[in-house]
């Protein structure tokens, strides 16, 4: 393994540990309804904007389902 590969692997590991994984996280779903409200998601991801939440909320119901979370993660709008 080259030095640059070692550095990249270390940085990638630190980044993965620093970014919270949100898909299917019961700690984020405070009320246990299986959906994430803007307030619940913002508690876990303080930098998420209402605009980004609106883009993720494709159903327009004000909540994010597992499918919407997965699509947001795949699109790079949410951390994996």
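We did not get these values from a lab; they are worked out from the coordinates using the rules stated. These figures come from a predicted structure and were not determined experimentally. All Cβ positions, even for glycine, are placed from backbone atoms using ideal geometry, and neighbour counts span all protein chains on display.
General remarks:
- Over the stretch 20-74: Rg over Rh, Cα atoms, Kirkwood Rh: 0.90
- Computed packing ranks the peptides 67-73, 32-38 as 67-73, 32-38, most packed first, by mean other Cβ atoms within 10 Å.
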